[in-house]
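K.L.:
Structure below; questions to follow.
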Amino acid sequence: MISSQLADKLVFIAKKQRIAATKARDNRMHKVSAFEDLYFNKILQTDTTNFPFPFFAGHIDSLHSKIDNPPTVEFTIPNKRDVADKVGAAWLKDSSSSRAKWAKKDRLEKKLALLSGRGIANIYATSVKGEYKPHYDVIDYRFFLADSQKSDIDHMMYCGREDIIRTKHNVMEMAKMGVYHSGQVAKLISTLNNESEEYHQESVQGMFNRQKAMGLNPEDDTYAGQSTVNLVEWQMEYHGEKYYLLFDAKLGIWIRAEKLQDVFGHDKYSYVSWATNEIQGNFWSKSPGDDIHPTCEAMRIAVNEAIENNTRINKPEEYIDAGAFEDVSDIYNYEADKKIMIRSGMDVNQAIQTKQYSPVNMDVVAFLDNMIKDKTGVSGAGVADDQKVGIYYGQLEEEADRIGNINKSYSESYADKAYRYYWGLKKHLKTKKAIEMLGTGGYHWEELTSAELADAGDVDDVVTTGGSQEERMTEMRAKRRSESLAAITSAYGEHLSPQATIRMMAENGGFEQEEIDELLDVGGEYDKEQIGKADESIDMIVKGKTPRKYLKAGIQYMERIVDWAGENLHYVKLNAKGDEVGIDERMYETYEKLMAHVDAHMEIVAHNMASMQQNAQMMQGQPMEQPDVGVAKMPAMSKEETQMNAARPFENPMGTPGGTQALSSEVSNTLSP
């Protein structure tokens, strides 16, 4: 905790900041409320027909479905690649947990962003009684306050939320645990009164707007049954230092005041926000709702007017010459075979005139609907005819371009979320955390420890990749490639390489490289065990560990390692012109370790190859021969010598240093990275 004097001063400043931030937010919320009314199909009271057609809701939901899925996150920690990989695995485990419901929270955050223009989340971690727990809290825009003149939260002077509700019991328990200041908690509890309770009810009126739009009565539907405290969480910068404050919304009495870094382990605000329409110098930027609201309102009004007009056509107004009838009331109530008396000399057709209405042209509604779909990128009508796949692909690319800015802002926010997640893990993980790691050999279980995190520094970078839009584009490209390949094969099959054609078709079908290699292994030489063991060794060496020697190693084991190193470890640095400018020392060191591991298996592979050849010759009843390894062949052995050497394999020339060296030389010649 900081000193009480400094805490009092910071809260005094924070209360004024809160007033300014509230004015900026509430000005925006007046317009957002109109969006919510339309989205939740609120029935507006008017003198004419007014059905709440879901034009606005339909477009928002369509756009919502097209925003990316959460991207893949990759951490980079200097000189700690193994720890970075484990942190990535921990992120994947926590974010995909069904109990944490991160996927649901992600969808909710996107929905709020489409209405208000801002997706807001709070990413942090806690540890109660040594148990680590990550948190992803979606922040309702109605309760978030920020320095409205800044578009990036990291550059703001302050930000916070005012929807934190705690019971008195909870507040006192947190004080006992030392999280809240006990003296300040006692002061708050003794000062609370009915006025504070009434203020709490006023503060949540904005949230009630959505429920009222659906015909609910939230004021009468809520009951806590115990005294509660409405708190404000405030994060601010003061004299170059960032602070964390927690104080009562009405009374301004603080119960927690600390340096931000002492709370979260880093000096960034715990909040993450992204904009659907980024603009410099304005936090409360416009949303897709701003773009489609006027048009959707026009469509709603036009359709309601058409219904109203149709009603008037079917039940038109009539003008009656009252003097033409003996008793004008006779015409009001219909009766079968009813006789109505008219005055002599009067024409009934002239006495009753019907007002004529022209039908409303509904083409304008269809035009507006198509225009919104086209301009917002939510047209998305599927093309069933395969011949039109090229057209659909073009439409998909245009759609991706229009929604691209939203997707970019959304995906980039996950880098900020991941950064805060890392520091929450680093600060609050007290015990071992089991994680599932994906290596070149498949999934396996490992542990992430607090000691590993303590030894790791700050995150150097967080890279986000993937997403639903990218997946859709990949699928369409694969479809186009498959169709083109089929057309080329049909017309020019005799000019194509069969293996290359099979490989391309399998890649387009989603097969992994290992599966394709096995598919093309007509001679049955592909050995899954050798490949798997090689992948395990690669994983260990890349993570700085030393794998044990694999005593069953064969040519495929070493080829796998050499090929992987050649494809992934490009340690020579080149400039833009392609000239060599240096060496990536870390990558080169890994490359050297892999090659040393291969060299260490030369004699093992040579011996295993010799043994395999001996066994094959014995099975065929042939005399054993020295393999052709580029040196003088040994004379063929008799049947008795063969049987003797089979019983004592290390006492024949194939097991002598000279024989092994000769075969190792041949093995080396087959491996050229």
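K.L.:
Restricting the search to region 137-169, which residues are of a type in the set (Asp, Glu), in contact (Cβ under 8 Å) with a residue 12 or more places away in the chain and under 21 Å from His239 (Cα atoms)?
P.N.:
Asp147, Asp154
K.L.:
Can you tell me which residue in region 457-494 is nearest to Arg81 (Cα to Cα), limited to those that are within 14 Å of the chain's Cα centre (by Cα) and at pLDDT below 75?
P.N.:
Looking at the filtered set, the residue picked out is Thr465.
K.L.:
Here is a follow-up. Pairs under 9 Å by beta carbon, first residue free of Cβ contacts under 8 Å to residues at least 60 places away in the same chain and over 25 Å from Asp85 (Cβ atoms) in region 541-559, partner assigned to a helix (DSSP H, G or I) and open to solvent by 40 Å² or more (accessible area, probe 1.4 Å), six or more apart or different chains?
P.N.:
Listed by first residue and then by second, the contacts come to Lys552/Glu529; Lys552/Lys533; Ala553/Lys533; Gly554/Met609; Gly554/Met612.
K.L.:
Output the strands (runs of 3 or more DSSP E) that fall wholly within region 221-338 and possess 2 or more residues being surrounded by 13 or more Cβ atoms within 10 Å (Cβ to Cβ), or say none.
P.N.:
Strands (runs of 3 or more DSSP E) meeting the threshold: 228-238, 241-248, 254-259, 271-275.
K.L.:
Oh, and also: Of the numbered conditions (1) of a type outside the set (Asp, Glu); (2) open to solvent by less than 30 Å² (accessible area, probe 1.4 Å); (3) in contact with a strand residue (DSSP E or B) (Cβ under 6 Å, 6 or more places away or on another chain), Thr76 fails exactly one; give the number of that condition.
P.N.:
(2)
K.L.:
Within region 5-36, can you find the residues that are out of contact with any Phe, Trp or Tyr (no Cβ under 9 Å at 6 or more places or on another chain) and either over 16 Å from Ser148 (Cα atoms) or not aliphatic (A, V, I, L, M) (or both)?
P.N.:
Gln5, Phe12, Lys16, Thr22, Lys23, Asp26, His30, Lys31, Ser33, Ala34, Glu36
K.L.:
Hey, can you tell me all the residues within region 62-82 that are aliphatic (A, V, I, L, M) and modelled with pLDDT under 85?
P.N.:
Answer for region 62-82, where residues must be aliphatic (A, V, I, L, M) and modelled with pLDDT under 85: just Ile67.
K.L.:
Please give the helices (runs of 4 or more DSSP H) falling wholly within region 94-208 in which 2 or more residues are modelled with pLDDT of 90 or more and open to solvent by 40 Å² or more (accessible area, probe 1.4 Å). Break it down stepwise before answering.
P.N.:
Numbers: elements: 102-116, 168-176, 182-191, 194-203.
It comes to 102-116, 168-176, 182-191.
K.L.:
Within region 413-445, take every residue that is within 16 Å of Lys93 (Cα to Cα), crowded, with 16+ Cβ neighbours inside 10 Å and touching an Asp or Glu at 6+ places or on another chain (Cβ under 8 Å) and give me the one that is modelled with the highest pLDDT.
P.N.:
Only one residue tops the list, namely Tyr421.
K.L.:
Within region 58-77, identify whether any single residue is out of contact with any helix residue (DSSP H, G or I) (no Cβ under 9 Å at 6 or more places or on another chain) and of a type in the set (A, V, I, L, M), and answer yes or no.
P.N.:
For region 58-77, residues out of contact with any helix residue (DSSP H, G or I) (no Cβ under 9 Å at 6 or more places or on another chain) and of a type in the set (A, V, I, L, M): absent.
K.L.:
Now for a separate question. Name the residues in region 549-593 that are assigned to a loop (DSSP other than H, G, I, E, B), crowded, with 16+ Cβ neighbours inside 10 Å and of a type in the set (D, E, K, R), would you? Before the answer, list the steps.
P.N.:
Our first condition is that a residue be assigned to a loop (DSSP other than H, G, I, E, B); within region 549-593, this holds for 549-554, 569-571, 575-579, 584.
Filter once more, keeping what is crowded, with 16+ Cβ neighbours inside 10 Å: 550, 553-554, 569, 571.
Hits for region 549-593: nothing passes.
K.L.:
If you don't mind, another one. Can we say Gly523 is assigned to a loop (DSSP other than H, G, I, E, B), among the small types (Gly, Ala, Ser) and at pLDDT 75 or above?
P.N.:
no
K.L.:
Here is a follow-up. Evaluate region 593-604: report whether one residue or more is modelled with pLDDT under 90 and either within 23 Å of Asp527 (Cβ to Cβ) or β-branched (Val, Ile, Thr) (or both).
P.N.:
Taking every residue of region 593-604 in turn, none turns out to be modelled with pLDDT under 90 and either within 23 Å of Asp527 (Cβ to Cβ) or β-branched (Val, Ile, Thr) (or both).
The values are calculated or read from the model by the stated rules, or taken from the named source; none is laboratory data. It should be emphasised that the depicted structure is a prediction, and the values quoted were computed from it without experimental measurement. For neighbour counting, all protein chains shown are included, and Cβ atoms are generated from backbone atoms with ideal geometry for every residue, glycine included. Please note that ligands, DNA and RNA were not included when accessible areas were found on the heavy atoms of the full protein model with its side chains. Shrake-Rupley method; radii C 1.70, N 1.55, O 1.52, S 1.80 Å.
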